[in-house]
Structures are given as structure tokens and as C-alpha cells.
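Here the structure comes first, spelled out in C-alpha cells, and everything after it is commentary.
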Amino acid sequence: MDRKLRMGMVGGGTDAFIGAIHRLAALMDNQIELVCGCFSIDPEISKSSGKSYYLPENRVYKTYQEMFENEAKLPEGEQMDFVSIVTPNFVHFGPAMMALENGFHVVLDKPITFTLNEALKLKEKLDETGLTFALTHTYSGYPAVKHAKQMIVEGQLGKIRKLFVEYPQGWLSDKQEDKGNPQASWRTDPKRSGKAGCMGDIGTHAHHLAEYITGLKVTEICAELNVFVPNRLLDDDGAALLRFNNGAKGVLFATQVAAGEENDIKIRIYGDKGGLEWAQMEPNSLIIKWKGNPTQVLRTGTSLNSSVAAHNTRTPGGHPEGYLEAFANIYRNFAWTVMAKIDGNEPTAEMLDFPGVEDGIRGMQFIDAVVKNGYDDTTKWIKFGE
């Protein structure tokens, strides 16, 4: 292609939490340009946001329905190529489905939809249209995470036996939803967040990271959900024992009431030859522990030198590759995939390395399983996806 991909946005106004992160990530590699958007449910905020993003007035819309209808009528050389949807969970399915129906590719914030049934309908539409879809499970974008995945693919750790993944936060240790915090308000409201709180918000990230790195699938779950803050409507803490399809066993916990914690997702994986450890608070380091040999610390940009890590690394060794770059890797790989398809070329494996609709369905199955199982005081295992 001899041009950038043209992006529209649903959500992501100047009053939004994650919209600026999406824009920075999307624009980082100079492959994408923002051309239109419906940036808020409030038309005035959408209008003022579009003005601050230097968009023409006629490309700033009052509703996402108006945006898709108008963009679809524009000449092919002007209309957006894809939409980035960065809204609360209950406003995921409608815009995503309408975008696909009008021929636009989609990038969607996680979890994919409000319900599993909606996620399955999106997959049907994607299968029907052949359009490209990305889900922003950010932590899969780090070079060290991708290197870890490659090590397991190559069998360097041997057969995977044990996995521990955790995601502690502390920001909901008190009732922020009663203090005017808009992010807390919708995330703790079952009408806007869905049936899960903490497990839907960050537990899905931990689950996705475990399956992404190992290439394994969870087959059974034994879970517990907790509500520690009085009168909160959704879980703010939870844990699950996991059984994987190769016989491996795992432990997952996620909490938003670990007072003092910031955003400390981490994972440890052990095979019969060795293990590895990665933590998002120190993302450039991948710790490798060998049976009978010294521990190694591999670093992004230097000793983390696999082809897949190199493909997703931008800065020289010793310079941090952080959250924005990991986010940008999803957008860049998605953009290159779409560009290749527009040009009639087959995307490479490196281009196709971003979370998609199947990851989203797995996430919704995870939410359904932990909610079904998590409030039951009896200890029992349930089949994943049932």
C-alpha cells in the first residue's frame, strides 16, 4: 500500500480513560491515521474531542450508527478502513457488529463482548465477511512474552507441568464507585460490566496470558469469587485452580483489593527441563531457570534475540519497551495484516501474531466458568466452556 490505514474510533473522547492509550499505540508506527470518530455518548463531548484531534466537523459523529452509515457512503479512497472500539463492555457488541456489517475491520477492547452469545455471533459475522479482527489483550504484545512463547513452542522447557499467573491491583480497596470515579462506577455495575467484576476486567488478562504463552487450553476450573468491599455488586477478588489439555495444572488469582499494589501481572511456567518467569512491572526481563544449570536473565533488545522478539522490539538494548509499545505491537501487526490482504498478499506469521475472536470467546468462557463456579461454597470442578 502507498498510504496509511484510516482509523475511526467509537469512544475514546477527551474525558475517557483508555482512549488516549489506543490512539498513541495506533499512531506510534506511522502506519495508521485517525480520520473520524464518535468519541462519546454525549454529542457535545464527541464534537469537542474531534476538534481537539483536528478532525473536520463532518467526520465527527453524534452516534456510532451515524458514523458507520456515513462512512460506508464515502468513496473508497476516503472512508475509514477500520474502527477502534474503546467503550465500556456493554457497548462492545453493537458497534463491532455494525462495523462488520458495513465492511469495516475491527479492533476491540477486552473483554470482547457483554455475553458469550454475543461473542459467538461476532465470530459468525467474521467468518461470513472475512474481515480482520483484533482484541487488545495488551500483555501478549511484550517482546519478552513473545520470546517466552517461542521457547515453549520449541520445547526448550520440556513438557509443561505447572503454571502460576497472578494479577494484583489495589485501586478498588475502598468503594471508589461511590466517590465519583467513572472507571470504578461502570466496572462494578453488572448492567455495564457484565456478570463479572475483577475477573472480567483483569482475570481475563491473566487467563489469556497463560494460554497465549503456553499454547495450552484450560479444560477444567475450580474457582472462588469474593466481594470484600461491603455492598459492592460484583466480585473484587478471585482465584481459580486450572487444569490444562496436556495434563498441566495451574493457579490463577486476580484481585483489585490488594491495597498498595499497582498493576503487577506476572506469570511463572515450569516444564520438566526448566521454568520461566515474567512480570509486567519489569517487562524487559525474562528469567529462565534451568534444572542443574545457572539461572539466566534475558533482556529485551540484547539477549532476547529470537526473531519474534526482534520483530516486536523498537528500542536499543537498555531502553525500556513498555506498555505503550506492547499495545502498539497489536495495532501494528493488525495494520500490516490488513494492508497485506488489501494488496492481495498473504500475511506473515509475525503479522498475524495478535489476539483475535477465538481469544475473545475463550475469555467469555472463562468469565462464565468462574462465575458459575465461584460463588459455590462446595469444592467442585467444572468443564471449561460448559
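In terms of other Cβ atoms within 10 Å, SER49, SER306 run from fewest to most in the order SER306, SER49. Karplus-based coupling profile of segment 8-17, in residue order and whole Hz: x, 10, 10, x, x, x, 5, 9, 8, 8, with θ = phi - 60° in 6.51 cos²θ - 1.76 cosθ + 1.60 and x standing for Gly or Pro.
Placing dummy labels 7 Å off each Cα toward the beta-carbon, the span from MET281 to GLU76 is 5.2 nm.
Computed about the Cα centre, the dipole magnitude for the chain is approximately 940 debye when only Lys and Arg (+1) and Asp and Glu (-1) carry charge, each at its Cβ.
Charge dipole of segment 1-132 (Cα centre as origin; +1 on each Lys and Arg Cβ, -1 on each Asp and Glu Cβ, all else neutral): 220 debye, rounded to the nearest 20. Using C-alpha pairs under 8 Å with a sequence gap of at least 6, the mean separation divided by the residue count of segment 5-131 gives a relative contact order of 24 percent. The fewest-to-most ranking of TYR270, TYR64, TYR375, TYR167 by surrounding Cβ atoms within 10 Å reads TYR375, TYR270, TYR64, TYR167. Helix-derived [θ] at 222 nm for the chain: sum -39500 (n - 2.57) over DSSP H runs of at least 4, divide by residue count, nearest 500? Taking each H run of at least 4 residues, the total per residue is -10000 deg cm²/dmol.
When the Cα centres of segment 310-386 and segment 240-298 are compared, how far apart do they sit, in Å? First find each Cα centre; the distance between them is then 18 Å. For THR63, the shell of other residues with beta-carbons less than 15 Å away shows a net charge of -2, using +1 for Lys and Arg and -1 for Asp and Glu. In this structure the amide hydrogen of SER84, modeled in the peptide plane, comes within under 5 Å of the amide hydrogens of GLY8, MET9, VAL10, VAL107, none closer than 5 places in sequence on its chain.
For the chain, hydrophobic long helices are taken as DSSP H runs at least 18 Å long by C-alpha position along their axis with mean Kyte-Doolittle hydropathy of 0.0 or more; these are 323-342, 357-374.
Go ahead and set up a Gaussian network model of the chain, Cα springs under 10 Å, then flag whichever of ALA328, ALA254, ALA349 fluctuates most. Residue with maximal mean-square fluctuation among ALA328, ALA254, ALA349: ALA349.
The mean sequence separation of alpha-carbon pairs under 8 Å and at least six residues apart, normalised by the residue count of the chain, gives a relative contact order of 19 percent.
Fewest-first ordering of CYS222, CYS36, CYS198 by other beta carbons within 10 Å of each residue's beta carbon gives CYS222, CYS36, CYS198. When only Cα pairs below 8 angstrom with a gap of at least 6 residues are kept, segment 268-328 shows a relative contact order of 22 percent. Label-to-label distance, ASN245 versus LEU120, with points set 7 angstrom from Cα along the beta-carbon direction: 1.8 nm. Dipole orientation for the chain: of the candidates THR115, MET281, ALA196, MET281 has the Cα lying most toward the positive pole (charges on Cβ; Lys, Arg +1; Asp, Glu -1). Looking at this model, which pairs from LYS121/LYS383; LYS289/LYS380; LYS123/LYS146; LYS4/LYS47 are more than 28 angstrom apart at the alpha-carbon? Going by Cα-Cα distance, LYS289/LYS380 fall outside the 28 Å limit. Normalising by residue count, segment 5-131 has a Cα convex hull of 99 Å³ per residue. Label the chain by shape, choosing from rounded, prolate and oblate, from the square roots a ≥ b ≥ c of the eigenvalues of the Cα gyration tensor; if a/c is under 1.5 it is rounded, and otherwise prolate applies when a/b is larger than b/c, oblate when it is not. It comes out oblate by the Cα gyration axes.
Bear in mind that the values in this text are calculations on the coordinates, not laboratory data. A quick note: this is a predicted structure, and the numbers were derived from the prediction, not measured. Glycine gets a Cβ as well: all are built from the backbone with ideal geometry, and neighbour counts include every protein chain shown.
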